[in-house]
1. What pairs can you find where one residue is in the range A:139-151 and facing chain B (nearest Cβ under 9 Å), the other is of a type in the set (D, E, K, R) and surrounded by fewer than 19 Cβ atoms within 10 Å (Cβ to Cβ), and their Cβ atoms are less than 8 Å apart, with a gap of 6+ or different chains?
2. If only one of A:Phe199, A:Phe143 is out of contact with any His (no Cβ under 9 Å at 6 or more places or on another chain) and not aliphatic (A, V, I, L, M), which one is it?
3. So which residues in the range B:183-192 are more than 23 Å from B:Leu149 (Cα to Cα) and either not assigned by TED's automatic domain parsing to the domain that holds B:Val217 or not aliphatic (A, V, I, L, M) (or both), if there are any at all?
4. Report yes if A:Met218 is more than 14 Å from every other protein chain (Cβ to nearest Cβ) and touching a residue at least 40 places away in the same chain (Cβ under 8 Å), otherwise no.
5. Scanning for something over 30 Å from B:Leu173 (Cβ atoms) and free of Cβ contacts under 8 Å to residues at least 24 places away in the same chain, does the range B:282-298 turn up at least one residue?
6. Condition (residue is out of contact with any strand residue (DSSP E or B) (no Cβ under 7 Å at 6 or more places or on another chain), within 14 Å of another protein chain (Cβ to nearest Cβ), farther than 21 Å from B:Leu183 by Cβ and of a type in the set (A, V, I, L, M)) applied to the range B:246-259: is it met by at least one residue?
7. Among the residues of the range A:253-262, which ones are over 14 Å from A:Ile97 (Cβ atoms) and in a helix (DSSP H, G or I)?
8. Quick check on the range B:219-245: of everything there that is over 14 Å from the mean Cα position of the chain (by Cα) and among the hydrophobic types (A, V, I, L, M, F, W, C), which residue is nearest to the other protein chains (Cβ to nearest Cβ)?
Amino acid sequence: MLTNETAPSRILGRVGLPGIVTRWRAGQRWWRRNATLAVQLSFLALALVIIPVVFAGTFAPHAPTAIDLRNRLLPPGWTADGTWDYPLGTDSTGRDILTRILYGGRISLAIGGIASVIGLIAGTLLGLISGYVRGLVDQAIMFLVDVQLSLPFILLAVAVALVLGNSLPVLVGIAALSTWPHYARVVRGVVLTLNEREFVVASRAVGGGHWHIMTAHMLPNLLSSMLVLATLSLGRIILLESGLSFLGIGVRPPTPSWGNMISDGRAFLTNAPWWAVMPGIALVIVTMAVGTIGDWLRDITDVTTDR
Amino acid sequence: MNTFSIRLIRTLLTLWGVLTLTFFLGRLKGDPVSLMLPITAPLEDFERMRAQMGLDQPLLVQYWVYLSDVLRGDLGQSIAYNRPVAEVIAERIPATLELGIPALLLSTALSIPLGVLSAVKRNRPIDRLIMSLSLTGHSIPNFFIGIVLILLFSVQLGWAPSFGRGTPAHLILPILTLTIYPLAFLIRLTRSSMLDVLHQTYISTARAKGLKERQVVFVHALRNALIPVITIIGIQVASIIAGSAIVETVFSWPGMGWLAVRSIGARDYPVIQGIVLMSAFAFSVTNLAVDLIYVVIDPRIRE
């Protein structure tokens with residue numbers, strides 16, 4: 001009814017092979033105009049980490065828990081005492097650091113991804129209801145947001161982990177719990193402005209139901225905010241998970257995660273600094289790349305986030 | 001003053017919410033005693049402890065007793081120390097403040113000039129440099145910052161001790177570690193707030209009047225740009241409390257955060273509950289104070 005014919009949608013409208021070529025060219029032009037060098041590097045770095053992590057079984061030179069007692073605390077391959085059998089060195093029981101980083105990355109990224117999606121769905125839904133229904137429901141949901149944001153989250157996580165134990169589902173739950181208030185707040189703010197927009201008023205006037213208005217008219221307008229928030233929260237969750245694993249309430253050994261590897265390596269800082277430093281570098285590459293991409297998405301979509 | 005009393009009521013409500021949350025969290029798995037005693041403890045111990053803690057009472061009665069105890073300043077009994085929780089926590093507060101207050105001051109004092117510089121030199125090399133450093137500070141987990149600092153300044157250079165508390169030298173690395181995250185965050189905030197203000201019409205007016213750029217930036221722009229920055233300092237308190245749990249663990253610094261982490265191993269739920277409450281209280285009070293300052297410095301919201 002109120003479609004706004006913009007340039008990309010005209011391009012996307014063409015079909016067939018010429019259409020695909022035009023679309024590809026338009027995409028390239030758009031990419032060159034909008035993606036800065038830092039953003040391009042971030043995508044590259046992310047791909048270089050994520051692909052080997054996902055296919056850890058193929059890329060990893062050893063098994064993640066394989067012990068080699070003759071090669072304990074071996075330094076990385078490029079040093080005088082190292083061998084390229086263990087490119088990033090070994091830990092105190094001779095396990096390969098590179099292999100454990102790849103397998104640990106699987107856990108860290110899986111927790112981050114799953115928790116991000118759960119938090120996204122819950123937070124968006126609650127924010128949508130809060131902004132659309134208003135009144136007492138809105139007050140109640142925003143009260144919960146306030147309560148949670150008035151707690152240093154890591155302490156709440158410590159309390160939850162003590163009560164429920166530190167299994168993987170609990171960890172995912174804690175991580176998801178940490179993100180929902182951010183989604184709820186931002187989504188509610190967008191919905192409040194959408195309430196007054198012509199297409200929502202029009203739909204209401206012709207008898208559009210609440211569910212129809214929320215899903216057909218509001219949700220598509222929330223997608224860019226959701227994308228930006230999901231990217232930013234992914235980085236935050238990876239940091240949180242590593243922090244919890246570091247405190248000993250996250251992923252339990254011998255399953256590797258970046259956080260518990262750094263934690264284990266801490267005792268060997270003087271004689272085997274690579275043990276703690278290598279997984280730390282992997283972690284920082286991912287969080288920096290995700291952060292750069294998140295900021296970039298926020299700038300090009302003009303979404304306001306609360307932090 | 002009406003806005004302020006509304007804020008006060010909201011703060012009290014939020015604190016009540018936190019109290020309720022921690023109470024029911026402790027009873028989520030039924031019996032908190034099972035959280036505190038090892039599974040191998042004899043049955044009589046369980047019974048004795050239940051009676052001692054009033055757990056044979058109905059849940060709502062327990063809740064009521066808990067609320068009134070907390071209002072009287074009684075946070076319960078620590079399992080590991082066998083002393084009142086309030087006492088155990090109070091002993092740890094000075095150590096936490098020793099790190100937290102310098103970190104808060106340092107991050108605020110450094111971030112404002114850096115943020116202003118970044119905004120004024122927007123898109124120049126110096127802005128790019130400051131912003132990438134800020135992004136880096138934002139992306140490194142603070143325990144890893146601590147480890148890298150230990151590696152650099154204790155292991156390699158031997159300039160500062162890596163753990164423990166005692167001499168002023170012990171303060172350097174933990175304070176530095178605790179400062180980086182809020183610093184990175186505040187730089188970004190000051191920059192964006194400053195950029196917003198620099199686009200306002202009164203800035204163009206000030207420039208048109210022929211004022212020096214220095215005066216425009218520091219007199220006209222900065223004063224207004226600092227308003228949102230001040231409100232965020234309240235949030236910084238939360239991030240420093242949260243950060244101290246990890247930083248104190250890295251440096252074996254015997255503060256509140258260290259106590260919280262130690263209490264996990266000892267299954268000392270009352271202590272963790274007390275620390276959560278204390279942090280929420282500190283955070284809420286700071287935010288209330290910030291709101292009060294906000295009303296004083298920004299005449300627009302006084303009516």
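1. A:Asp146/B:Arg10
2. Being out of contact with any His (no Cβ under 9 Å at 6 or more places or on another chain) and not aliphatic (A, V, I, L, M) holds for just one of A:Phe199, A:Phe143, which is A:Phe143.
3. If the condition is that a residue be more than 23 Å from B:Leu149 (Cα to Cα) and either not assigned by TED's automatic domain parsing to the domain that holds B:Val217 or not aliphatic (A, V, I, L, M) (or both), then B:Arg188, B:Thr190, B:Arg191, B:Ser192 are the ones that fit.
4. Numbers: more than 14 Å from every other protein chain (Cβ to nearest Cβ): yes; touching a residue at least 40 places away in the same chain (Cβ under 8 Å): yes.
For A:Met218, the condition - more than 14 Å from every other protein chain (Cβ to nearest Cβ) and touching a residue at least 40 places away in the same chain (Cβ under 8 Å) - is met.
5. Yes, the range B:282-298 contains a residue that is over 30 Å from B:Leu173 (Cβ atoms) and free of Cβ contacts under 8 Å to residues at least 24 places away in the same chain.
6. Yes, that holds for at least one residue.
7. A:Gly259, the sole residue that qualifies.
8. Across the range B:219-245, the extreme among qualifying residues is B:Val229.
The values are calculated or read from the model by the stated rules, or taken from the named source; none is laboratory data. The model shown is predicted, which means the values in this text are computed figures rather than measured ones. Positions of Cβ are generated from backbone atoms using ideal geometry, with glycine treated the same way; all protein chains shown enter the neighbour counts.
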